[in-house]
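The values are calculated or read from the model by the stated rules, or taken from the named source; none is laboratory data. Quick caveat, the model's predicted, so the values are computed rather than measured. Every residue, glycine among them, receives a Cβ derived from its backbone with ideal geometry; neighbour counts consider all protein chains shown. These area figures cover heavy atoms from the full protein model, side chains too; ligands, DNA and RNA do not enter into them. Shrake-Rupley method; radii C 1.70, N 1.55, O 1.52, S 1.80 Å.
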Amino acid sequence: MTYAVYLPLILPALLAVAARRAGDRLGPRNGAVGLTLAGICAAAATVWALALLALTLFDDLPSMSARAPGLPEPVPDWVALTAAAAIILAAGSAVQDLHQRRSPVRLLRSDQAAAGDVVMAADDEPLAVALPGRPGRILLTTGMVRLLGPRERSAVLAHERAHLTHRHHLLMATAGAAAAINPLLRPVRDSVAYLIERWADEEAATELGDRDLVARAVAKAALATTDRTPALGVHGGVVVRRVRALRCPPRPVTGRTMAALVVTAATAVAAAIIATSDFVVLLHTWLVA
Amino acid sequence: MEAKRRPRGALESEVMAALWAAGKPLSPADVQATLGGGLAYNTVQTILIRLMDKELVRRAAQGRGHIYWPVLDAATTAADRMRAALDARPDRQAVLQQFAAGLGAEDAEVLRALLDERTS
């Protein structure tokens, strides 16, 4: 086996470097979808490369080594064993990530009557969350509605509805699972999370015909929650970026950035394919030996 | 730019939010004034009655009309569930897509500055 089998494990780092820049340059919609697709390709290539490495343990089967001792051993056994362990770990954390995203939504969704699509919660903490499902709901706290003016409330609702309409939870779950499989993809996941918010901001701005209004609603809600939630550097930065982007919309430059994403993801997939053909050759050597 | 016409479901949620935001009973005229946007009085009244049918809103007679206020029960149940779901998770930002939350002190400064630029 050649180096090709290791490429899919490392290439996601390149994608991670590109992710933040790509997000700003592609625009929210293309960026979110593009990065998610590139991320899941990279994660799939990772799993496949690990599987190929683990499968090289095949020649250690008693029946094989008894039949033809001295078969070529393409990778050291410890590498193969590590790969096998990594697959189990990756699968485990992907499942856990999916579960962690779904379980609060399931808990929050209630069967009580909704006003339109809104379920009100009597709680002082300003909070608005989209709860995907059939039908989609928006959980809104009294703290949030009292914080905002009527038009700002409409902006929040339009934002959350955009999440529901465009099924953003699916993109987020996919990007989350990809990052759980290969931790090098975490920056990609975080960029997708940011771009989904930007996408919903833009939809709200278009629907209400007022970018400033949405910027104000985002800023107000974020400032009001500052003392309550532990400050997470990443997320805070995200809010500032969102407000900035609403004030002066960045002009997306799609062409070259999209090409870079496609090339990186395609390289990971290509490396996986080369590694596969290497493996087939190896398998052939084993079986005819 | 004039906002697009709002669908019925959206109006229902906006009326509900307005009632909660007010913190006191509102007449249909009050709601109409709060929401603006060229809503007809009859439309507001229809929505309020629909919310009453769902037992999300109660009303009492006042003068020649009615005043409406939101029912606490349902919202308290929702809040309890919310607390149960959220308080168990110190990492909720990571798994729940909140509208906007969790600013660092520096970010708060930047944001206030941005807001001030806006209003001045």
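For the stretch A:59-85, enumerate the residues that are farther than 30 Å from residue A:189 by Cβ and either surrounded by 15 or more Cβ atoms within 10 Å (Cβ to Cβ) or at pLDDT 90 or above (or both).
A:59, A:64, A:71, A:74
Return yes or no: is residue A:163 open to solvent by 20 Å² or more (accessible area, probe 1.4 Å), within 8 Å of another protein chain (Cβ to nearest Cβ) and not basic (Lys, Arg)?
no
Return the residues of the stretch A:94-109 that are buried (at least 18 other Cβ atoms within 10 Å of the Cβ) and among the small types (Gly, Ala, Ser); say none if nothing qualifies.
Scanning the stretch A:94-109 gives a single hit, A:94.
How many of the residues in the stretch A:115-132 are surrounded by fewer than 23 Cβ atoms within 10 Å (Cβ to Cβ) and under 14 Å from residue B:76 (Cα atoms)?
Qualifying residue count, the stretch A:115-132: 4.
Across the stretch A:133-157, which residue is nearest to the other protein chains (Cβ to nearest Cβ) among those that are within 28 Å of the chain's Cα centre (by Cα) and surrounded by fewer than 20 Cβ atoms within 10 Å (Cβ to Cβ)?
For the stretch A:133-157, the residue satisfying everything is A:135.
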